[in-house]
Amino acid sequence: MSTFGTHFRVTTYGESHCLSVGCIVDGCPPGMALTEADIQPQMTRRRPGQSAITTPRNEKDRVEIQSGTEFGITLGTPIGMRVMNENQRKQDYGNQTMDLYPRPSHADWTYLEKYGVKASSGGGRSSARETIAGRVAAGAIAEKYLRQAYGVEIVAFTTSIGNEFLFPPSPTHPTCATNPEYLKLIENITRAKVDEFLPVRCPDEGVTRRMEDLIADYKKKEDSIGGTVTCVVRNCPSGLGEPCFDKLEATLAHAMLSIPATKGFEIGSGFGGCQVPGSVHNDAFIKAPAIPAGTTEKPSVPRPRLTTKTNNSGGIQGGISNGAPIYFTVAFKPPATIGQAQQTATYDTEEGVLEAKGRHDPCVVPRAVPIVEAMAALVIMDAVLAQQSRAAARSLLPPLKGIVPVRETSGV
C-alpha cells in the first residue's frame, strides 16, 4: 500500500512522469517550527542531474508545504507536501521498442500482472521519483523533531560500489562490527563530512575516486552497477520497538526494503556475525558513562544506567533499542534500465532484442543515501510516538510498590 507508519503516518502519491509527486504526513506533533527551508536540503541532496554519474534528468525538486502549518508552526493537522515534475520527457518511452517489451528485472511486467494496466512512461509508481516527496520530505520533518527532542543524529554513506569496498571483507574481520576503524567511523561520521566526497558519498578519498571511476566505466558501456549504503542512528532513545512483530530491526528492514532497487538488509554484525562465536559476539554490559561535554545529546533525556562494551547487536536487542548507536547496511541492485541490447521477450511472448531509452542512473547508490536516512527517521519517529504514548499512559497510574522489577523507562 502507499501508507507507512502507525503513529507518524506518511501516505505518498505520484508516478515518474505525472504532474507532481507528494505526500500527506499525519501525526506530526503540533508546535514545531517548520518551513520548506527545513526540508529542502535533503531534497537537494537526493535530486537528479547533479553529476556525470547520475541521470541527466534535471529536476529542481522544490518542495511546497500545502497544509498543516501556519506562520511556520506545525498545527498537529495533516501536512500536505508537493513537488512538481518539471523535466519529465514521456516521449523517451513512446517508441515502438519500449512499448513492446517489459524491461528485464524492472517492474513493468509485475505491475501489469498485478493491476492489468501500467504507466506507459518511466517506472510509473515503481520509479524512484516516488521517494522524493513521500519519503525524503516526510523524513526531514521526522528528523527535525527527533533532533530537537532527543538529539538524534542520522547519517548514511556509501560503503561499496560493485567490487570496490570502503571496508573490504577479510578473515580478520568477517563482520565490520569487529573492525575498530569501522566502529570509529560510525561514532564520528557527519553528514557534512559525507558530502565532502561527492558525487559518490563514500568518506574516503581514494576509495570514492575508484568508485566514481567504476560507475563512469559502466555508464560508458551503457550498463549499470549496484552497491551498499550504511546508516547509523546515534543518540536514539532506549526502549523503542514493539515486539513481537514490530521489533525495531523488523520495521527498519521493512522501511529499507520498500525503497526501490533494494535487495538486502543487515543490521549490526549482520551475516558476517554468523562466523563469530558467541563468546566474541556477545555484548557485555558496563556502566553507562556520563554525557561528554559538547555532545549534541539532550541532557534532559533520561539515559540508560547500562550500556554495552561492544555493539555487535547494532543498538537493538530483543527488537528494542538499547541506547547504543543503531547501524545497518542496505544493498541496492544495478538499475534495471540499461542501454545495452538485451535478448528478451515481448509482452506477447515473442523473442527479440530490447535497447532501452530514457535518462537513467548507472548506479542509484549515491542518491539513495538521503532516502535511507529519511526512512530511518520515519521508523524511529513512529517508534518514539508509540513509546511516548505508552509512557504517558503509565504515568497516570498510581505507583507500584513491592513489585520487582519496576523502574522508570530510560528512553522516552
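Annotations
- Restricting Arg201, Arg209 to those that are free of Cβ contacts under 8 Å to residues at least 12 places away in the same chain and either of a type outside the set (A, V, I, L, M) or buried (at least 16 other Cβ atoms within 10 Å of the Cβ) (or both) reduces the list to Arg209.
- Screening Glu205 on (1) under 24 Å from Gly314 (Cα atoms); (2) at pLDDT 95 or above shows it passes everything except condition (1).
- Filtering segment 337-367 to residues that are within 24 Å of Thr44 (Cα to Cα) and part of a loop (DSSP other than H, G, I, E, B) leaves Thr337, Gly358, Arg359, His360, Asp361, Pro362, Cys363, Val364.
- Residues satisfying the stated conditions in segment 167-190, i.e. touching a residue at least 60 places away in the same chain (Cβ under 8 Å) and touching a strand residue (DSSP E or B) at 6+ places or on another chain (Cβ under 6 Å): Ile186
- Taken together, Ile403, Ile371 contain a single residue that is buried (at least 23 other Cβ atoms within 10 Å of the Cβ) and either at pLDDT 95 or above or over 27 Å from Ala138 (Cβ atoms) (or both), which is Ile371.
- Summed over segment 274-300, residues that are modelled with pLDDT under 95, open to solvent by less than 50 Å² (accessible area, probe 1.4 Å) and of a type in the set (Gly, Ala, Ser) total 1.
- In the set Gly314, Gly358, Gly339, Gly319, only one residue is small (Gly, Ala, Ser), touching a Lys or Arg at 6+ places or on another chain (Cβ under 9 Å), modelled with pLDDT of 95 or more and farther than 17 Å from Gly227 by Cβ; that residue is Gly319.
- Screening the candidates Ile320, Ile380 for the property of being in contact with a Leu (Cβ under 8 Å, 6 or more places away or on another chain) and open to solvent by 40 Å² or more (accessible area, probe 1.4 Å) yields one hit, Ile320.
- Within the set Val25, Val10, the sole residue that is of a type outside the set (Lys, Arg), in contact with a Phe, Trp or Tyr (Cβ under 9 Å, 6 or more places away or on another chain) and within 20 Å of Pro260 (Cα to Cα) turns out to be Val10.
- Counted residues, segment 260-273 - those being open to solvent by 80 Å² or more (accessible area, probe 1.4 Å) and hydrophobic (A, V, I, L, M, F, W, C): 1
- Annotation: Phe332 fulfils all but one of (1) at pLDDT below 95; (2) in contact with a helix residue (DSSP H, G or I) (Cβ under 6 Å, 6 or more places away or on another chain); the unmet one is (1).
- Some residue of segment 356-377 being of a type in the set (Asp, Glu) and under 22 Å from the mean Cα position of the chain (by Cα): yes
- Residue check, Phe245 modelled with pLDDT of 95 or more, surrounded by fewer than 20 Cβ atoms within 10 Å (Cβ to Cβ), aromatic (Phe, Trp, Tyr) and under 30 Å from Pro104 (Cβ atoms): no
- Residues satisfying the stated conditions in segment 1-59, i.e. part of a loop (DSSP other than H, G, I, E, B), over 20 Å from the mean Cα position of the chain (by Cα), at pLDDT 90 or above and on the phi < 0 side of the Ramachandran plot: Pro29, Pro30, Met32, Leu34, Thr35
The values are calculated or read from the model by the stated rules, or taken from the named source; none is laboratory data. On a predicted model such as this, the values are computed, not experimentally measured, just so you know. Neighbour counts run over all protein chains shown; Cβ positions are idealised from the backbone, glycine included. Remember, those area values only see protein heavy atoms, side chains included, never the ligands or the DNA or RNA. Shrake-Rupley method; radii C 1.70, N 1.55, O 1.52, S 1.80 Å.
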